[in-house]
Each structure stands twice: as structure tokens, then as C-alpha cells.
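Beneath this line is the structure, given in C-alpha cells, with notes to follow.
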Amino acid sequence: MKLPQIFATCLLVLLMTSSAMAGMMNIAVLAQGDAIAGKDRYGSFSGWENSGPIVGAAPNSVYHWYDSYSYSGSQRSAYMQYEIAQFTEAVASITSVNLYLYNIASAIVGTGNLGTVNHASNPAAATGQASQLIGGNQLVGYVTDLSPDGWISFDVTDYIKNDLTAEFNWAAFSVNQFGYKSMAFGSAEQELASYLQINYTGADTPVPTPEPATFALMLLGLGVLAVFKRKSCLNGNR
């Protein structure tokens with residue numbers, strides 16, 4: 001077999017043996033799936049009182065302040081739930097999962113770490129309602145004053161794989177206040193809903209119909225093979 005024939009054959013084998021294409025699924029939080037809640041203190045004669053949940057918050061503000069002169073103060077954290085039961089591929093096919101939050105730079109007060117992103121290790125009781133206030137107990141990462149404006153992401157691959165393996169229907173996260181600082185991120189009510197992006201591949205991923213460009217390459221490979229086969233026959237090399 002001559003070099004052009006070898007090239008054409010390799011091209012065909014490469015195209016024909018591609019068993020799967022990568023897939024991606026975005027699971028956005030719903031309006032009822034994100035909320036903020038916390039506690040407040042009103043003057044020196046008042047203790048801390050629970051406040052919330054506020055399901056319709058826009059944006060989701062996370063903060064803590066306290067006035068040592070008036071003894072007043074306030075704290076807020078945010079809670080989110082995502083319906084991971086929508087993902088029906090094999091857990092082993094997952095290559096990465098990222099949690100995306102829309103960072104609102106104008107809401108930043110303070111320096112350094114502004115809030116912590118946390119995952120709930122056991123969201124068995126979750127129903128998709130952030131008003132349940134299921135807080136995360138596993139640290140995922142921090143929102144800082146250096147986080148870029150707009151969408152920021154956190155790697156939550158292992159957490160979501162564990163949730164799916166445990167057959168939880170929902171994944172629960174919280175963004176908690178960190179010190180006397182403030183930050184905020186977009187909410188579903190603002191059409192800036194936080195979301196999980198699941199990337200997956202592997203043998204369990206359905207093989208899609210070839211795209212036009214891929215199909216054209218396949219035809220090209222067949223054409224090259226036919227041309228060199230014909231030349232070979234004319235030269236007496238059968």
C-alpha cells in the first residue's frame with residue numbers, strides 16, 4: 001500500500017472509530033431554589049433575631065456588619081439547590097462539574113475573602129426549595145475582592161459525583177458571610193441564575209449523527225481511496 005493510500009485509510013479509521021462526542025448540561029437554579037437568610041440585632045436591648053428566608057432576593061446579598069456604638073448589626077447568607085436528577089448519564093462519564101455565580105463587583109465591601117462557597121454533604125431532605133435553608137458543610141472555595149466581574153466558577157466535580165452516586169435528586173450549596181464584609185451575586189429573578197455545568201463523555205454518551213463537516217471529511221477519505229485504487233488497477237497492481 002502506497003503512502004497516499006495509507007493516509008486515506010488512517011483518515012477513515014479515525015473518523016469511523018470515534019465512539020462518542022463530549023456532552024454538556026447546564027442546570028440552573030430556579031426562582032424558588034435560591035434565597036438569602038440571616039439574623040439582625042436592633043440596639044443594645046435586642047438580641048440577635050433570625051430573619052428570612054427571602055426567596056425573591058435580587059441580588060443574593062451575603063454580608064455581615066455590626067455597629068459597636070449602637071449594638072445593631074445584620075448578617076446574611078445565601079442558599080441554592082440544583083436538580084441534578086436531570087442528569088441521567090453514567091456518573092463515570094462525568095469529566096468535570098463547575099458551579100457558576102454571577103459576581104456583582106459593585107456590591108463588594110472589604111478586602112480579601114468576602115464569602116465562602118460551601119456544599120451540603122447530605123441533601124437527602126432537599127426538595128428544590130431554598131427556604132429549607134440547607135447550608136453547606138464542605139468548603140468549596142472563596143469569593144474574594146479579586147474575583148473578576150461577571151461569571152466566576154468553582155470546581156465541584158467530586159461533590160456532584162458523590163451526590164449522584166448517593167442518588168440525591170438535588171445538590172445544595174450555600175454562600176456564607178466571611179467577617180465584616182459584603183458581596184453579592186446574581187439571582188434567578190434577575191435572569192442571572194447561578195448554575196451547574198456538567199461536562200461528560202465516554203462510552204455511555206450517545207453517539208450523535210455526524211455533523212455535515214464530519215460527513216464531508218468521511219466522503220473525502222472514501223474519494224481518495226477510490227482514486228488511488230483506480231490508479232493502482234490501471235497500473236496492473238491488483
Review point. Which condition number does A125 fail, the rest of (1) within 23 Å of T88 (Cα to Cα); (2) part of a loop (DSSP other than H, G, I, E, B); (3) in contact (Cβ under 8 Å) with a residue 12 or more places away in the chain being met?
Key: (3)
Exercise for review: Mind listing whichever residues of the range 136-177 are assigned to a strand (DSSP E or B), open to solvent by 20 Å² or more (accessible area, probe 1.4 Å) and more than 15 Å from I198 (Cα to Cα)?
Suggested key: Q138, L139, V140, Y142, T144, W151, N176, Q177
Practice item. From E49, E83, grab the single residue that is over 19 Å from N162 (Cβ atoms) and charged (D, E, K, R). Key: E49
Check your understanding: Does any residue of the range 81-96 turn out to be open to solvent by 30 Å² or more (accessible area, probe 1.4 Å) and among the aromatic types (F, W, Y)?
Key -> no
Study note, to complete from the structure: Residues of the range 85-111 being touching a residue at least 40 places away in the same chain (Cβ under 8 Å), polar (S, T, N, Q), closer than 21 Å to S194 by Cα and in a helix (DSSP H, G or I), in sequence order, are Q86
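The values are calculated or read from the model by the stated rules, or taken from the named source; none is laboratory data. Note that the structure is predicted; figures quoted are calculated from it, not measured. Ideal geometry is used to build each Cβ from the backbone, glycine not excepted, and the neighbour counts take in all protein chains shown. Only protein heavy atoms, including side chains, enter the accessible area calculation; ligands, DNA and RNA are left aside. Shrake-Rupley method; radii C 1.70, N 1.55, O 1.52, S 1.80 Å.
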